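Remarks on the structure that follows.
Nothing in this text is a laboratory measurement; each read-out follows from the coordinates by a stated rule. If you're wondering where the values come from, they're calculated on a predicted model, not measured in any experiment. Note: ideal-geometry Cβ built from the backbone for every residue, glycine included; neighbour counts use all protein chains shown.
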Amino acid sequence: MNHKIGGGNLTIFLFKRKPEKEVIDLLRAHVSLSISSIKLLNEYIDDKDNSKLQEITKLEKEGDDIRKKVIINLYEAFLPSMKKELTYSIEILDEVLDSIKHGALIYDLIIFELNKTIKEKCKLILNISLDMLNSMYSLIDVFENGGDFKKHIKNIKTGEEAIDDIHHEIYRYMVNMKIDSFWEGKLMSDFVDKITEISDYIENVSDEFQIIYLNYR
């Protein structure tokens, strides 16, 4: 294991041991599942194709299996000071998939036509979250191969701030809407809140990665 940092570039690990390589590959696989799942949810909002809901549920279960493998592998991998952040990171990454799944399940209960403005803003939230996940994937590549760590962190922070603004815009719009029933309002707000959570979890993982970065500067 080795680390070197210079000019904003980071190479923390020199992968000579199998356990470290396996953990990084599993983290990368978990983020890939989230990327696939959030794309499916974006499509599901448009077509409510039940097969997409089933696939999202399947991906969440696959993510939970990966989480367990990471925790087991961490017993033999990395310095003790890194284990805490990496263990917490995979737990939070699992919450990303969980939020996507529960967002889809809430949307499945929405039998009324979702307001066009709200739907467009929800899809925008998911698209920004997707960009944040792509940056998260790039951060994992930086851990293994080196690169511009700060750029990807900045992309994630900027995305989370943008989503917070959109979340506020949606609620400001909703309070002026005519809502026909309690459940219509509740399901709309629950769905908006759940998909907004995704970006919060992504940012939390980036915070853990940043702790590792700062400890090895």
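Annotations
- As a rough guide to protection, the peptides 164-170, 35-41, 62-68 ranked by mean Cβ packing within 10 Å, highest first, stand as 35-41, 62-68, 164-170.
- A Cα-only calculation for the chain places Rg and Dmax at 18.6, 62 Å.
- In a simple Cβ point-charge model (Lys, Arg +1; Asp, Glu -1; nothing else charged), the range 91-217 has a dipole of about 440 debye relative to its Cα centre.
- Relative to the dominant Cα principal axis of the chain, helix 116-145 is inclined by about 10°.
- Within the chain: Cβ-based charge dipole about Cα centre, in debye rounded to nearest 20 (Lys, Arg +1; Asp, Glu -1): 740 debye
- Beyond 29 Å in Cα-Cα separation lie the following of the pairs Lys123/Lys178; Lys119/Lys150; Lys68/Lys121; Lys18/Lys154; Lys21/Lys123; Lys68/Lys123: Lys119/Lys150; Lys68/Lys121; Lys18/Lys154; Lys21/Lys123; Lys68/Lys123.
- For the range 152-217, chymotrypsin sites (Phe, Trp or Tyr not before Pro) are listed when DSSP marks them as loop and at most 16 other Cβ atoms sit within 10 Å of their Cβ; the list is Tyr216.
- Computed from point charges on the beta carbon alone (+1 for Lys and Arg, -1 for Asp and Glu), the dipole magnitude for the range 65-134 about its Cα centre is near 60 Debye.
- With contacts taken as Cα pairs under 8 Å at a separation of at least 6 residues, the chain carries a relative contact order of 31 percent.
- Cα lying deepest toward the dipole's positive end in the chain, options Ile156, Phe191, Tyr75, charges on Cβ: Tyr75
- Stretchable slack from Glu43 to Ile111, in nm (0.36 nm times residue separation minus alpha-carbon distance): 22.8 nm
- With the charge dipole of the chain set up from +1 on Lys and Arg Cβ and -1 on Asp and Glu Cβ about the Cα centre, the Cα lying farthest toward the positive end among the listed residues Val31, Phe209, Asn145 is that of Asn145.
- Annotation: the residues Leu187, Leu105, Leu33, sorted from fewest to most other C-beta atoms within 10 Å of their own C-beta, follow the order Leu105, Leu187, Leu33.
- Length released on extending from Ile72 to Asn176, taking residue separation times 0.36 nm less the Cα-Cα span: 32.4 nm
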